[in-house]
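Each remark here refers to the structure printed beneath this line.
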Amino acid sequence: MEGGIKMNVTDLVNILNGLDDQDLDMRLYFTRKKPNGKYQSYSPTIDPDLQKEIKDIVKLAVEKVQNVEQRPFSPIGTIEGCIETYAPNEVTSFNDILESMSEDFVSRKEIPPEEISKLTFYCLKIYTEEGDILFFRRVTKFNRLKGGFFGKFTNGDFMKLDGTLLGIDPNVDIVILGEEMLILNHISLERIFSIQDQYHEKASQTLDLVRRTNRITNYEQFREDCLSDGRVTRALTKLLNEEDSMHQVFENFENVIQVIDIFGLNIEIAEENTKLVYEDKSQLLDITRLMRDSFYRSWINNRDGFDEGV
């Protein structure tokens, strides 16, 4: 679940700059995930002047990251000062979201007031000669003032506004052009595309590989505890792409024992030094770090440490 092709942000900005503001072709979608797991999208009409304003908002957002370092998406988190790349087809829910925006399923009617509070993100689709560009952003909601209300002046009168306001702020979370995805906000990828289930599935595949090694006692409890811990499921998702490394760790089990001793890990060894004894959740991160070969000794200061990513 890790990878991605670097998006040329400068080319993207040039595409947006080359659009004719008097002849913009775009759609705005507001979407929520329903309890049954399906997505519901609404696509209201956009005033032409507002279209230009929204286009300028997303253009400014991507201009800010033209020179920012890009790294492949990692489930365990991004590096500060970097943005991530990914392939849209790697996101399980992506096609379901696109389907909800298709002419067969999207709603053009006015969004029911009771639905507005349930909307989780919006997507601006701009049609260009180079392909459709999708900009995703989590919805900004304006809640009612405690003990009061919002209002506006209209023709000299002060009018009360209802509580169903949505905001378009000057930020973008995700940009998609063709087979390339640029992630400007790591947590938004998880929340917009609801990929917790995807992490769970990938982690389960990793745990199946762990079971086959027969190196952990009380395996079923270990598996259950892993899948109930979000941080561990992210690490196991990443580990699925490091399968060969994990097998080498368990094959070199004498080194595992040595690391446990050097770092004073609270993990017992059983069955003639061939298995890790799993007892409780307090051991999850250390066992995961062992499987990822995250422990190290530095060359210069001869310092012991471990990868903080897990």
Item to check | Extension gain from Arg303 to Lys34, taking 0.36 nm per residue of separation minus the Cα-Cα distance | outcome: 91.8 nm
Checklist entry - Once the mean 1/r over all distinct Cα pairs of segment 197-306 is inverted, what Kirkwood radius in angstroms do you read off? => result 14.2
Checklist entry - Can you give the calculated 222 nm mean residue ellipticity of the chain, where each DSSP H run of n ≥ 4 adds -39,500 (n - 2.57) and the sum is split over every residue, rounded to the nearest 500 deg cm²/dmol? => result -10000 deg cm²/dmol
Checklist outcome for this item: In whole percent, the fraction of accessible protein surface over segment 197-306 that belongs to carbon or sulfur atoms, probe radius 1.4 Å, stands at 41
Checklist entry - At what distance in angstrom do the alpha carbon centres of segment 97-121 and segment 277-310 lie from each other? => result 45
Checklist outcome for this item: Of all DSSP beta bridges with both partners in segment 197-306, the antiparallel percent, nearest 5, is 75
Checklist entry - Mind checking which of Leu12, Leu166, Leu240 has the largest fluctuation in a GNM of the chain, springs on alpha carbons under 10 Å? => result Leu166
Item to check | Too-long pairs where the Cα-Cα distance tops 32 Å, listed order kept, from Lys34/Lys125; Lys52/Lys202; Lys6/Lys52 | outcome: Lys52/Lys202
Checklist outcome for this item: For the Thr274, Lys160 Cβ pair and Förster radius 51 Å, calculated FRET efficiency rounded to 0.05 is 0.10
Next on the checklist: Using the crude model of +1 on Lys and Arg Cβ and -1 on Asp and Glu Cβ, and no other charge, please compute the dipole size for segment 9-193 relative to its Cα centre, in debye to 20.
Outcome noted: 1180
Checklist entry - Build a GNM of the chain with springs between Cα atoms under 10 Å: which of Phe193, Phe263, Phe94 gets the top mean-square fluctuation? => result Phe263
Checklist entry - Where nothing but the Cβ of Lys and Arg (+1) and of Asp and Glu (-1) is charged, how large is the charge dipole of the chain around its Cα centre, in debye to the nearest 20? => result 1120
Checklist entry - Of the residues Glu251, Glu271, Glu115, which exhibits the maximal mean-square fluctuation in a Gaussian network model of the chain defined by a 10 Å Cα contact cut-off? => result Glu271
Checklist entry - Out of residues 5 or more away from Glu84 or on other chains, whose amide H comes under 5 Å of its own, with H placed 1.01 Å from N in the peptide plane? => result Arg71, Ile183
Next on the checklist: I'd like to know which of Leu119, Phe250, Ser294 lies farthest towards the positive end of the charge dipole of the chain, counting +1 on Cβ of Lys and Arg and -1 on Cβ of Asp and Glu.
Outcome noted: Leu119
Item to check | Unit charges on C-beta of K, R, D, E only; dipole of segment 197-306, Debye | outcome: 380
Checklist entry - Counting only heavy atoms of protein chains, what accessible area per residue, in Å², does the chain have with a probe of 1.4 Å? => result 55
Checklist entry - lysines within cross-link reach of Lys160: Cα-Cα under 19 Å, excluding same-chain residues under 8 positions apart? => result Lys141, Lys146, Lys152
Checklist entry - On full extension of the chain, what length is gained from Ile79 through Thr92, given 0.36 nm per residue of separation minus the C-alpha to C-alpha distance? => result 2.3 nm
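The values are calculated or read from the model by the stated rules, or taken from the named source; none is laboratory data. Since the structure is predicted, the reported quantities are computational estimates derived from the model, not experimental observations. Heads up, the Cβs are rebuilt from the backbone with ideal geometry, glycines too, and the neighbour counts pull from every protein chain shown. Areas reflect the complete protein model, heavy atoms only, side chains present, ligands, DNA and RNA absent. Shrake-Rupley method; radii C 1.70, N 1.55, O 1.52, S 1.80 Å.
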